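The structure appears right after this line, and notes come after that.
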Amino acid sequence: MHCFKTIEDIKSSYTRRIRQIADERIAGKKVVGTFCLFVPDEIIFAAGADRVILCGGKNDTIAIAEQYLPRNICPLVKSSFGSIVNDGSSEIRSCSHFSMVDMVVAENTCDSKKKMYELLEEYVPTYVIDLPQRPDSPEALQYFLQELEKFKSAMEKLTGNKVTSERLQQEIRSSNEIRQLFHKLYELRKKDPVPITGLDVLKILQKQYFLSPHAVKEYLNTLITEAEQIIPDGKHKPRIMITGCPMSGGNTKVPDIIESRGGIIVAEESCTGTRSFLDLVEENKDPMLALARRYIRIPCSCMSPNDRRTDIILDLANDFNVDGVVYYTLQFCHGYNIEKNKVQQALKKAGIPMLFIETDYSESDIEQIGLRVDAFMEMLS
Amino acid sequence: MISVGIDAGSATTKAVLVDSKVMVVSKNIIACAICPTGFDFIAAAQKAYEDVIEKAGIEKKDVDNVYSTGYGRNSIEFADKAISEITAHARGVYYLYPDVKGIIDIGGQDSKVISVNNGKVSDFLMNDKCAAGTGKFLEYTARALEVPIDELGSLALAATKPANITSMCTVFAESEVISLRTRGLAKEDIAAGLIESIARRVAVMSRQIGLKENIAFVGGVAKNDGIRKALEKELKLSLFVPQKPQMTGALGAALHDIR
Ligand code: SF4
Ligand code: SF4
């Protein structure tokens, strides 16, 4: 496959971004850390703050977390927590950005995160946005709107800046631009053969929550230009869609296995995938209400019911001409693991084969997953 | 065309040689060989390959294709292609049993259930995260019971009141066996309890992918009558067990290019 200059640039963007954040903080800018798509970036940026994602994708900091947290919770929660509370007393190093935030913006989603945030408060100021769990009811929207208003005030207090309607509108437009660029990039993945691998796209999907919006836009623009010029080689590979848990930075295990064993990932229905950009925020409306409306619709398994997710999966499978779906979950993520059942039934009905992979961040099961992926690829071709 | 399939399993390596020119179906299988894998996949594969060629009375140059499958399939460099054991089993069993709709394979390291449609895999499930429901479970618990694993099945058939083994975890089941023994339960009853426990586990997997009829039982454990009976009871149907249930992977690999 083609080697994209943009992807190489993204891979080496970490230190540049760290320097940027360090400079910003010296200049008095506040930086917040987030964990979840339900936290609107627009409000953070409109308050004149910066943000980085704190979701951990690395295996080694899990050992630190296990001094505090039970072993049987999801690796993402453990990895993140371990990276933040790491006091440097062991050999294990956390990435620098984990210690560069003035406040954590948390959210009440799954039980593991919710309770982990309670422990986190001891180490770093933590603000929690509460989420209604039945998003379809009108009361839920009202409640979520109130929560976002409170969050806006908290950001104003942290930064000392007023979050005006104008600033929010600007940030909504800016975030929408990114979403539209992702749409454009995904449009290219509908081609057969595909001009870009899933692993390459995953890089920018992961980094969008870490880099500044300005950088993300630039990278997306150049990546799209590059990908448009490519004439991909002719061989058809089984077209795979991934759906399920997020793949945080550092975690590319399953896509690695899929693409090194003959498959090509053409779409991912996840928080490192379509959920970040599928819906735009309505522009030129009451910005807070528009944000509430858009964000409450995120099809996350923490919400009930979450049938919209199944509908989206079926639509994407169709639009991207998918040969098979890999349902990916992290161990002990009950929400996505349980929701598998509904998705599996819907896919079965639609005649789309599905492979279920539940895993963690360790390397111990790579061969076993590889065998299933091999069999799945043989089944699809 | 002469093809050899090599199944590089974790305990044993199997090879099957087929000749597609033989027109009588079920007579294509010319020779089989089996040898312990030990610590060296490649050496074991080499040995099984040489054995099968010798048995067939031909020479290496007469072989058109070599296909590998099994745990060590990717390390066998002299193979032309590696095939997953799931696809290979489906192909192999289909050859022996054309009506097959489902396959249960209890191996040493993992257990698999495969849904088959015209010889092709349409769905599958594997248990490989832990030893529960695999041959390892039987190996360890048989040891705690101090009976050879091959005798577990016949022992179980003599049970009057099968013990209830509650632990799925192999390590805990092992200590459960020990405590049942100290409580004076008959070995036969404990053996039956162990076998029922593994059968239950595998039956759940089969139901998950909707296996209903025409199910074949393969893998080394399939030779064990007691387990077959327990599975049949659990699934409420009778299972097809090939004559050499441990060879279907190698056979399927050998038949890879033959339709
Ligand atoms: S999966 Fe749900 S809880 Fe996790 S980041 Fe996405 S929206 Fe948030
Ligand atoms: S992957 Fe699942 S368990 Fe882990 S943080 Fe996300 S929703 Fe929670």
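Test B:ALA90 against the criterion of being farther than 20 Å from B:PRO242 by Cα, within 14 Å of chain A (Cβ to nearest Cβ) and touching a Lys or Arg at 6+ places or on another chain (Cβ under 8 Å), and give yes or no. Explain how you work it out, then say what you get.
Details: farther than 20 Å from B:PRO242 by Cα: no; within 14 Å of chain A (Cβ to nearest Cβ): yes; touching a Lys or Arg at 6+ places or on another chain (Cβ under 8 Å): yes.
Answer is no for this residue.
Give the residue, chosen from A:SER83, A:SER99, A:SER89, A:SER112, that is among the small types (Gly, Ala, Ser) and within 11 Å of ligand 2 (Cβ to nearest atom). Give the derivation first.
Details: A:SER83 fails: within 11 Å of ligand 2 (Cβ to nearest atom); A:SER99 fails: within 11 Å of ligand 2 (Cβ to nearest atom); A:SER89 fails: within 11 Å of ligand 2 (Cβ to nearest atom).
Selected residue: A:SER112, the only one of A:SER83, A:SER99, A:SER89, A:SER112 that is among the small types (Gly, Ala, Ser) and within 11 Å of ligand 2 (Cβ to nearest atom).
Only one of the listed residues (B:ILE198, B:ILE209) is closer than 12 Å to B:GLY102 by Cβ and of a type in the set (Val, Ile, Thr). That residue is B:ILE209. Looking across the range A:80-110, the residues that are in a helix (DSSP H, G or I), surrounded by fewer than 24 Cβ atoms within 10 Å (Cβ to Cβ) and either of a type in the set (Gly, Ala, Ser) or within 13 Å of ligand 1 (Cβ to nearest atom) (or both) come down to A:SER96, A:SER99. Tell me, please, whether a residue that is within 26 Å of A:LYS184 (Cβ to Cβ), within 16 Å of ligand 1 (Cβ to nearest atom) and of a type in the set (Lys, Arg) can be found in the range A:264-277. Yes, the range A:264-277 contains at least one residue that is within 26 Å of A:LYS184 (Cβ to Cβ), within 16 Å of ligand 1 (Cβ to nearest atom) and of a type in the set (Lys, Arg). Filtering the range A:296-305 down to residues that are within 16 Å of ligand 2 (Cβ to nearest atom) and surrounded by 17 or more Cβ atoms within 10 Å (Cβ to Cβ), which residue is farthest from A:GLU149 (Cα to Cα)? Among those that are within 16 Å of ligand 2 (Cβ to nearest atom) and surrounded by 17 or more Cβ atoms within 10 Å (Cβ to Cβ), it is A:SER301.
Residues to consider are A:THR6, A:THR15; find the one that is under 30 Å from A:ILE230 (Cα atoms), more than 16 Å from ligand 2 (Cβ to nearest atom) and surrounded by fewer than 18 Cβ atoms within 10 Å (Cβ to Cβ).
Selected residue: A:THR15, the only one of A:THR6, A:THR15 that is under 30 Å from A:ILE230 (Cα atoms), more than 16 Å from ligand 2 (Cβ to nearest atom) and surrounded by fewer than 18 Cβ atoms within 10 Å (Cβ to Cβ).
Please give the helices (runs of 4 or more DSSP H) falling wholly within the range B:119-233 in which 3 or more residues are basic (Lys, Arg).
Details: elements: B:135-145, B:149-157, B:170-182, B:187-208.
The helices (runs of 4 or more DSSP H) meeting that bar are B:187-208.
Residues in the range A:359-378 that are more than 24 Å from A:HIS236 (Cα to Cα) and either within 8 Å of another protein chain (Cβ to nearest Cβ) or over 24 Å from the mean Cα position of the chain (by Cα) (or both): A:SER364, A:ASP365, A:GLU367, A:GLN368. Here A:PHE356 meets each of (1) assigned to a strand (DSSP E or B); (2) among the aromatic types (Phe, Trp, Tyr); (3) more than 11 Å from chain B (Cβ to nearest Cβ) with one exception, condition (3). Within the range B:232-259, residues that are surrounded by fewer than 18 Cβ atoms within 10 Å (Cβ to Cβ) and modelled with pLDDT of 90 or more have Cβ atoms under 9 Å from residues that are small (Gly, Ala, Ser) and assigned to a loop (DSSP other than H, G, I, E, B) in these pairs: B:GLU232/B:SER238, counting only partners at least 6 apart in sequence or on another chain.
Here is a yes/no grid of residues against (1) within 21 Å of A:SER248 (Cα to Cα); (2) within 16 Å of ligand 2 (Cβ to nearest atom); (3) out of contact with any Phe, Trp or Tyr (no Cβ under 9 Å at 6 or more places or on another chain):
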| residue | (1), (2), (3) |
| --- | --- |
| A:LEU314 | no, no, yes |
| A:ASP323 | no, no, yes |
| A:TYR328 | yes, yes, no |
| A:ALA346 | no, no, yes |
| A:ALA350 | no, no, yes |
| A:LEU371 | no, no, no |
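Quick check: anything in the range A:329-344 surrounded by 22 or more Cβ atoms within 10 Å (Cβ to Cβ) and either farther than 21 Å from B:LEU125 by Cα or within 12 Å of chain B (Cβ to nearest Cβ) (or both)? No, every residue in the range A:329-344 fails to be surrounded by 22 or more Cβ atoms within 10 Å (Cβ to Cβ) and either farther than 21 Å from B:LEU125 by Cα or within 12 Å of chain B (Cβ to nearest Cβ) (or both). The residues on offer are A:VAL77, A:VAL52, and the sole one that is under 15 Å from the mean Cα position of the chain (by Cα), in a helix (DSSP H, G or I) and not basic (Lys, Arg) is A:VAL77.
Tell me, please, whether a residue that is buried (at least 24 other Cβ atoms within 10 Å of the Cβ) and without any contact (Cβ under 8 Å) to a residue 24 or more places away in the chain can be found in the range B:75-85. Yes.
The values are calculated or read from the model by the stated rules, or taken from the named source; none is laboratory data. A quick note: this is a predicted structure, and the numbers were derived from the prediction, not measured. As a convention, Cβ positions derive from the backbone with ideal geometry for all residues, glycine included, and neighbour counts pool all protein chains shown.
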